[in-house]
1. Hey, can you rank 302-310, 314-322, 130-138 by average C-beta count inside 10 Å, highest first?
2. Taking only C-alpha pairs under 8 Å that are 6+ residues apart, what is the relative contact order of the range 133-212 in percent?
3. Taking the mean number of other Cβ atoms within 10 Å as a proxy for protection, how do you rank 231-240, 183-192 from highest to lowest?
4. Measuring from label point to label point, each 7 Å out along Cα→Cβ, what is the ASP199 to THR183 span in nm?
5. Run down the lysines and flag those whose C-alpha is under 21 Å from the C-alpha of LYS150, throwing out any fewer than 8 positions away in its chain.
6. Would you mind checking which residues have amide H under 5 Å from GLY302's amide H? H placed 1.01 Å from N; only 5 or more apart, or other chain.
7. For the range 320-415, what is the accessible area per residue in Å², given a 1.4 Å probe and the full set of protein chains?
8. Need one value: the accessible area of THR357 in square angstrom, 1.4 angstrom probe, rounded to the nearest 10.
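The values are calculated or read from the model by the stated rules, or taken from the named source; none is laboratory data. Remember, it's a predicted structure, so these values are computed and weren't measured experimentally. Reconstructed Cβ throughout: ideal geometry from the backbone, glycine too, with neighbour counts over all protein chains shown. SASA here: full protein model, heavy atoms, side chains in, ligands and nucleic acids out. Shrake-Rupley method; radii C 1.70, N 1.55, O 1.52, S 1.80 Å.
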Amino acid sequence: MYNRTEISNALVLAGVRVALAALSVLFLFSCSSNDVLEEVEEINTDSTDPMLFSCQMDQGTQQQRATSTLLTTDFLVNTYKAYATSKQQTVMPNYHVEYYTRGNAWSGTLQHFWDYTTIEGQYEKYWDYSNFPYRFHAVAPYTNNQARVKMDDHNLSIHAPYYYQTCLNGTVQTRKADCTLTTEEAEPYIAAQVHRGTDGKDTDLLAIDPAKANVNNTTTTRHREVWMPFHHLNSKIRFAVYSLHPWATENLLYIKDLTVRVTSDNFVTAATGYEASCGGTGTNDDPYTSWRDLSAYSGFTGITRQPALSLPTLFTFEGGRNVAGNDLRLAQTQKTAFFLQCTEGIMQLPQTNVTMTVSFKVYDQNDQVYLTFTDVPIEIEIDGTYHPYHTWQSGYIYTYYLILGGIGDKLELSFTCTLTPWEYVNGSLSTDLEH
């Protein structure tokens, strides 16, 4: 079980380094020279090793959902060599990297490619071994509209709205700043930032956990493909239930009419964009990068907040005994917990001091109400103290577990929460986290 203390506001801000913090160090650094290499179709005299990209990730376990998938879309990339030195040059200025496939999955011959030479006017680039380190800044999906996305070696600027979502009985709905429904993407863009040092090692500078930022597999060959792990700016939440009560091991109990509501004012419903720029000091040949913990919504611009009374219901689950898996005899541990509808999670704007309540009924094998919970505050117990305030940080998926326990023939309700890194990138840029 993950440490449930991670949900506390104080501990999260003190101990967890998140992708949002990493994004705040995105695309920085003033250099004395940043010339753009002339776009000519010729081979670099330093080498004949072409620069190639890969975006394939390893799959995580089904239940933990710390998964990552293929980026099945084009992306925008800027590439710099001799990065953060007096010799810095731009190798790929706002290149369009195209995604395509060959073969098919049925025959086992499906291959995935990310290629920039398929775009007219973009020429193949070659590694310059005398001018390491290299830096790669990218945003997906691709856009050439600098009014929406603009980046350089200093800054990332996204001028596109980010929204939050609700889940009403299995239907995910994206909502605008005023909480009305919209068909726009909840998260329009995701980002990647990779540094290849003179030692050939790659660092994912947006990694949620800096200890896991090394993206090498088994080699540091300097001309290998550049693996681009894209990261989310939004958070995700979802809900599950299991029982520790011995009575539920032999008798059918199921959930019905579950509702989760936000009860805190100043709930963040939208942002008009995202800005990232900062400086710092680091180590090795990346002298301008440092890891810093920031508040949960730093970087987002044009934030809209709404009072609790104007917010629609955040989550509902109608339930019933005919819903597959809705049987607490099958959900006796966190590992076997019954995930309620919208199991892939719903997107939220990163924020702090969120409070929520949950209401639901427990029915028995005779379809009679066994127990009713009404507007119970979702509070996480930490060392005997109950914490009602929740922090959602960029790049994480928060799983709230409703735990039915107690003694005798009465059930009591408690809560815990685990947070794991959300998948590095979702191939379709939708909210689907199930594969």
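1. Working: 302-310: 13.8, 314-322: 18.3, 130-138: 21.2.
Those peptides, ordered most packed to least, come out 130-138, 314-322, 302-310.
2. Contact order relative to length: 32 percent.
3. Order by mean packing, descending: 231-240, 183-192.
4. 5.2 nm
5. LYS81
6. Answer set, sorted by chain and number: THR272.
7. 42 Å²
8. 20 Å²
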